Amino acid sequence: MRVDAIDNANADQRPPASEAASGATSGTTAMVSRRPQPLAIRTAALVRRGIRDIGRESNWVEKRVFFGRRACAAVSPSGKVSVFLSTGNSGALRLAIYDLDSQIPPDSLPAPEAKRDNPNGPVSSLAWSPTGRILLAASNITANQLQIFDAATKTHLDTFHVPDLPNAAFAWSPGGNSFGAAFAADRTLRVWNCDAELPALAAIPIGSLDVTASLTAVAIGDSADDEVVFAGFGPMAFNPNGTQVALALKCVGDWADDFLLVAAVPGMRRDLFVPVHGSITALSWSSDGGTLVYCAGGRAFAVPEGSLEACALPFTAELACCHPTKPLCACYSSWLKSASKGRLFIADLREGRILDEYSAEGVVDICWSYDTRQAYAVTRDGLAYVFDRTLSSAGF
């Protein structure tokens with residue numbers, strides 16, 4: 001509820017302006033004492049916090065998609081949420097798809113059910129193609145299988161056996177013409193062509209890059225404890241025209257810093273390799289391809305084209321997804337100083353302003369819709385959030 005709405009609702013209960021000015025009420029001349037200033041300050045702070053917590057005047061809409069906590073969940077540009085579900089005591093898994101625009105039960109994809117060797121093992125990755133037609137499911141508890149589905153026809157297209165699925169990375173180019181995959185087992189990033197967004201993984205990659213040389217060239221300190229020990233790959237993202245791909249390289253250690261790699265496609269020439277303070281949790285390119293936005297250590301940064309240094313953006317974020325055509329970014333932060341919860345928000349990348357925000361917790365994936373008019377977010381606990389910029393009065 002808006003504060004001015006509260007004031008208007010209580011307007012009839014206020015004394016006339018003349019009585020308020022004189023400190024009197026009808027029929028008496030008793031003086032009215034003022035509240036102490038410290039109490040007023042504390043009250044104002046609580047009001048501001050409450051307003052932020054309830055997400056007033058926000059265009060985010062909250063929906064319940066499924067119940068229970070899942071190891072992995074992903075939302076598609078077509079408004080579909082994919083999760084792995086248990087089939088009961090047998091320990092098997094099935095892949096389900098929920099439609100955010102429908103109340104009907106979820107669709108189950110006809111993937112061969114796989115026995116879980118480790119009931120507590122995490123699902124490695126779920127990835128959607130740019131239109132939301134192709135779904136990729138990679139799990140380290142299904143014999144290192146990379147399974148590909150056509151979500152539109154609900155058919156299982158292919159299965160590839162790949163090495164060391166944990167700490168792997170997958171991404172499509174925005175146009176759906178290229179597909180990249182990086183596996184920790186051989187420290188190599190590979191890029192394939194796609195046919196109608198379907199990766200040609202059986203064919204020879206159009207380009208590959210072994211990151212071992214980049215890691216070896218990193219300067220180390222005098223102590224052996226300073227040595228860089230590779231742990232795997234983090235987020236990956238292609239720039240808008242698919243001519244560059246950014247990839248996070250992770251290192252062993254609770255407080256280890258990541259490295260940010262940018263390579264040209266298809267030649268796979270290394271264009272950028274820089275250390276990053278903290279663990280990279282998101283990568284996204286601006287709509288014009290001139291800026292690479294990444295999140296690390298709970299903060300958001302931008303690397304302008306041609307620069308070797310990142311500049312901090314004026315907001316905290318752990319997930320960020322740039323709008324396909326506008327200088328906007330949909331973000332999530334689990335930590336906010338003036339609120340009891342985290343927040344989903346839309347940021348203006350030109351000015352660093354927050355244009356819209358909504359309280360949220362546990363968000364694991366964000367994307368913009370294929371028609372660019374909405375943003376979707378999903379949590380592991382089954383909540384989804386839909387932002388419709390056509391409803392906004394902010395003018396973006």
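Give, in nm to one decimal, the length gained when the segment between Arg353 and His156 is fully stretched (0.36 nm per residue of separation minus the Cα-Cα distance). Provide the component values of the computation, followed by the final result.
On the way: separation 197, 0.36 × 197 = 70.92 nm, distance 4.35 nm.
Extra length available between Arg353 and His156 comes to 66.6 nm.
Report, in listed order, any pair from Lys250/Lys326; Lys80/Lys326; Lys63/Lys341 with a Cα-Cα distance greater than 29 Å.
With Cα atoms farther than 29 Å apart: Lys250/Lys326.
Estimate the FRET efficiency between Arg69 and Lys341 by the formula 1/(1 + (r/R0)^6), using the beta-carbon distance for r and 25 Å for R0, to the nearest 0.05.
With a Förster radius of 25 Å, E is 0.90.
Suppose R0 equals 22 Å. What FRET efficiency, 1/(1 + (r/R0)^6) with r the Cβ-Cβ distance, do Leu272 and Thr325 give to the nearest 0.05?
Step by step, r from the Cβ atoms, then E = 0.35.
Considering only the other residues whose Cβ falls under 14 Å of the Cβ of Ala263, what net charge follows from Lys and Arg at +1 and Asp and Glu at -1? Can you show the working numbers first?
Working: positive: Arg187, Arg190, Arg269, Arg270; negative: Asp210, Asp271.
Charge balance near Ala263 sits at +2.
Mind ranking Tyr370, Tyr98, Tyr332 by accessible surface for me, highest first, 1.4 Å probe?
The most accessible residue leads, giving Tyr370, Tyr98, Tyr332.
Give the calculated FRET efficiency between Glu57 and Ala312 to the nearest 0.05, with a Förster radius of 30 Å applied to their Cβ-Cβ distance.
Once rounded, the FRET efficiency stands at 0.60.
Taking 0.36 nm per intervening residue step and subtracting the Cα-Cα distance, what contour gain separates Val229 from Thr243 on full extension?
Gain on stretching Val229 to Thr243: 2.1 nm.
In nm, give the distance between the simple-model label positions of Trp255 and Asn193, each being 7 Å from the Cα along the Cα-to-Cβ direction.
Between Trp255 and Asn193, the label points sit 5.0 nm apart.
The values are calculated or read from the model by the stated rules, or taken from the named source; none is laboratory data. What you see is a predicted model; the values in this text were computed from it and never measured. Cβ sites come from the backbone with ideal geometry, for glycine too, and all protein chains shown count toward neighbours. Heavy atoms of the whole protein, side chains included, go into the accessibility calculation; ligands, DNA and RNA do not. Shrake-Rupley method; radii C 1.70, N 1.55, O 1.52, S 1.80 Å.
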